Structure formats: C-alpha cells, structure tokens
Amino acid sequence: MIKRMYIKFVTPLRSGFVRSVTILTGGTVFAQGLMAVSLPFLTRLYAPENFSFLAVYVAIVGIVVAVSCLRLNITVPLPKSDGDGMALVILSILAATVVSCFLAVPVVFAPLFVAKLIGQPTMAPLLWMIPVGCWVASVYTALQYWASRQKRFGLITRTRVTRAVGGTGTQLGIGLTAPGPFGLMFGHMIYGGLGIAGLAKSIWTHDREALGAVSFRNMRHMLWAYRRFPIWSVPEALFNTIGVQVPVIIIAAMAVGPEAAFVMLAMRVIGLPAGLVGASVAQVYLAEAPHKLRNGTLGLFTRETMIALLKAGAPPLLLVGAASPFVFGIIFGTEWERAGILVAWMTPWFILQFVTSPVSMVLHVNGELRFAMLLQAAGLVLRLGAVLGAIIWAPNWTGEAYAVSGFLFYGGYLIVMLVHTARINPDRLQSA
C-alpha cells in the first residue's frame, strides 16, 4: 500500500523533488512503522488514564514549540546567503532558550498551581519535563531546517530513525518495569531531543564558513528583515496549535472518562499515512519553494503537489477509517474501541489536512503572513467553539465534534489554497 501511495505521488513531479522526498520517506517509513508497531504494546502496558497525561503533555509542548523560535526557524531556507541562513538558526535557538527558561519558572516554583490550572492536579511532579521537552524539540527543529536548506535529507532521515528508536524504546522499557504516566512523557521528551547531536556535528563539519559569517550585526539585520514572522506568524502558529491542542487539554480536564486518550490514539493512527509521506513532502517543499517563486512556477508547483497528495493519500486514509471501528479492540485492547470509532469520524479531516498541510507554507513564502494568521484565528474559533459546545450540550459527542470541526477548517483551507495559488505574484518574495 505504501508503495502504491509513493508511485501515485511521485509520478507528476520532477525527479529532483522526487529524489529528495524518496530519501526522507525511507527513514520516515521506518520511524513511523516502528511507532505504529509499538502502539499495541504501549496500550497494553499503560492504562488509558496514563495516555491522558501524555495527551496533555504533548498538547502543551506542541503549543510552545510552534512559537518558541519566534517562527524564525521556518525562515532559515529563505535567504540567498548561507551566512544569513545560519544567523536565523542562531536567533531561533536563542529565542527557544529564552522561552523555555520563562516556562520553567512557574513549573519549578509553583507546580501544583500550574497542574490545577490545566485540570490535572496529580501531574505536578512531572511538569519539569515540559520546559526541557520544549527546548530540545525547538533546537532540533531549528537545526533540521538548516539541514533542509542544505538538502541533507539523508541526515534528516537518520535523525528521524534515531528519534523513533530512542523515544519508543524508552517508553517500552519503562512500561515493562514501572508503567505509569512518567514513562510515556519521558519517552516523548527523549524523542523530541534525539538527533540534535547529529545535526550539530554536521554543521561543525561542513558549515564553519557559514558559522564564521554570523555576527551580532548580521543577526540584527536578519531579525529586522524577517520581522513579519515574529509579528504575524507567531500569532498564526499559536492560533493553529491552540486550535489543535487546547481542545485536547479541555477534553482531558472536563470530558467523562479518558476521552482525551481516545482522541490522541485516534489522531496518532489516522495520522500515520500523513507522517509517512506528508511530513517529507513538507520538508522538501519548503526547501524548493523559494526557487520556484523566483522563477514564477510556485503556483503550478503547489497545485501539482496537492493533486499528487490527494491521489496518494485518500485511498489508504479511507481504508484506515473504514476498518478502525472493527479492528481497534482487537489490536489495542477492548478498552480502546472508542478510539476506533473516532478514527472513522476523523478520516475526512485528515484527508483534507494531508492535501493542504504540506504546502501551507506557500502563504509564508509568498509573504501572506497576515492572511495566514487570520485564517488560523478562524480555525481556532471554530474548533474551540465545537468542543466547548459539545461539552455543554452533548458531552458524549465531544470527540466527534472535534473531528467535524477539523474537517470544516481544512475544507475552508483547501478552498483558500486553490484560490491563492492561482494568483501568486513572484514580487512578494522576501527581498532578503
């Protein structure tokens, strides 16, 4: 099935793009496959209530990591000069360090207050992992964008394999000896940071000239040149991640039973096809997009990518959605049957996300940051409204309401992307 997905995707696209996606997808298939194989064991080692803790942890880290670099990390592939790109890497890591330190203050000095604030008072002893997890994941992201700029997709692939083996192995190892929320959260924290050493070593080996070109003046110039990203893209990323993650936190705090655990497992399973191809496409797409914009072919390139993604992704996602209500209890244990039902509800959402998310950076490359922010703000209102409304009026349908809101948002996003790519103007590229 994965082979058929790949053939359908790569056929319409050029060989350079295809080769890069192939390299990234190879390691991603192994990493995602390992994580998929481990899930039935994890769901038997850990109780659904333990996964509710993990869901809250992943949600908080996801929100912070999305903005901790002030979105300067996504600008790393954009400048023509490697010295300017490296300056943006350094700025990203500095910003992430400051944000993580600020986050550590309440976690260290008032953990019980923070735990009660998020509706999980028994989580207080574990909160120290949040700032650490945010920092290591942010640094990895910044370094990965540099590797993408240099088209070192083989290196990125190796780090993805390392992360999957280390993170999953930690969760399984602790689960065999002392199952509890600590093992799931600690394993995810380890997963976030593995790969940093390999990416940093590559920079030290191959990019000393770019490192030497970085100065305080250079960093200040880059911060000013890409100031629109902290101003507009940070709120956009916040709206996006809050819209995705805060409903999970709300569900964990207010819904009946371990509903957040069911939502998280459903999202992991239905998200596997997207992880196999979509993440790799997004990485390569961002590396190629600035050049495509300069030569006036970005709109066509984006639409071709979206069509290929639809052909590759819709059939396997539909298959997963149709089978899940019948096989989840067998694969993961009878207490997880509810998650299989949610997978079926989430399938239309993830098909649309699979098509649009890998190429959503077209709005950033083309300078439409303010519009992207407003689009994500609308999505936040839609998702939070759906979940809160369900908790108040239909508490047994909270997961379904969340799934429908995702479908409506990405349906609107797809329409916007099709309209936008039809009128892309090459002059909107950052002058830097």
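Helix 196-206 against the longest principal axis of the chain: what's the angle in degrees, Cα atoms only, rounded to the nearest 10?
Between the helix axis and the principal axis of the chain, the angle is about 10 degrees.
To make sure I understand, if each residue's beta carbon is the centre and we count other beta carbons within 10 Å, what order do 292, 80 fall in, fewest to most?
80, 292
Over the stretch 2-428, what is the relative contact order in whole percent, taking alpha-carbon pairs under 8 Å and six or more residues apart?
Relative contact order of the stretch 2-428: 23 percent.
Treat the count of other C-beta atoms within 10 Å as a stand-in for reagent exposure and order 146, 393, 128 from fewest to most.
393, 128, 146
For residue 82 and residue 224, compute 0.36 nm times the residue count separating them, minus their Cα-Cα distance, and round to one decimal in nm.
49.4 nm
Give me the angle, in degrees from 0 to 90, between the Cα long axis of helix 234-254 and the longest principal axis of the Cα atoms of the chain, rounded to the nearest 10.
10
Mind giving me the FRET efficiency for residue 408 and residue 177? R0 is 56 Å, r the Cβ-Cβ distance, nearest 0.05 is fine.
0.80
Could you calculate the FRET efficiency of residue 197 with residue 217 from 1/(1 + (r/R0)^6), where r is the beta carbon distance between them and R0 is 22 Å, rounded to 0.05?
Computed FRET efficiency for residue 197 and residue 217 comes out at 0.15.
How would you rank 244, 108, going from fewest to most other Cβ atoms within 10 Å of each one's own Cβ?
108, 244
In nanometres, what is the gap between the two model label sites at residue 323 and residue 303, each 7 Å from Cα along Cα-to-Cβ?
3.5
I'm spelling it out carefully: the read-out is Rg/Rh (Cα atoms, Kirkwood Rh), the candidates are (i) 1.08; (ii) 0.94; (iii) 0.98, and one was derived from this structure. Which label?
Computing Rg/Rh (Cα atoms, Kirkwood Rh) and matching it to (i) 1.08; (ii) 0.94; (iii) 0.98 gives (ii).
Go ahead and run the numbers for FRET between residue 94 and residue 206, Cβ-Cβ distance against an R0 of 22 Å, rounding to 0.05.
0.50
Taking just the alpha-carbon atoms of the stretch 79-164, what radius of gyration and Dmax come out, in angstrom?
Taking only Cα atoms of the stretch 79-164, I get Rg and Dmax of 16.7, 50 Å.
Just subtract the alpha-carbon distance of residue 253 and residue 37 from 0.36 nm times their residue separation and send over the number in nm, one decimal.
The residue 253-residue 37 span can extend by a further 74.8 nm.
How much length is gained on full extension from residue 371 to residue 128, taking 0.36 nm per residue of separation minus their Cα-Cα distance?
83.9 nm
State, as an integer percentage, the relative contact order of the stretch 293-356 based on alpha-carbon contacts under 8 Å between residues 6 or more apart.
38
All of the numbers you see were taken from the coordinates with simple rules; none came from a lab. All of these numbers come straight from a predicted model, not from anything done at the bench. We place every Cβ from the backbone using ideal geometry, glycine too, and count neighbours over all the protein chains shown.
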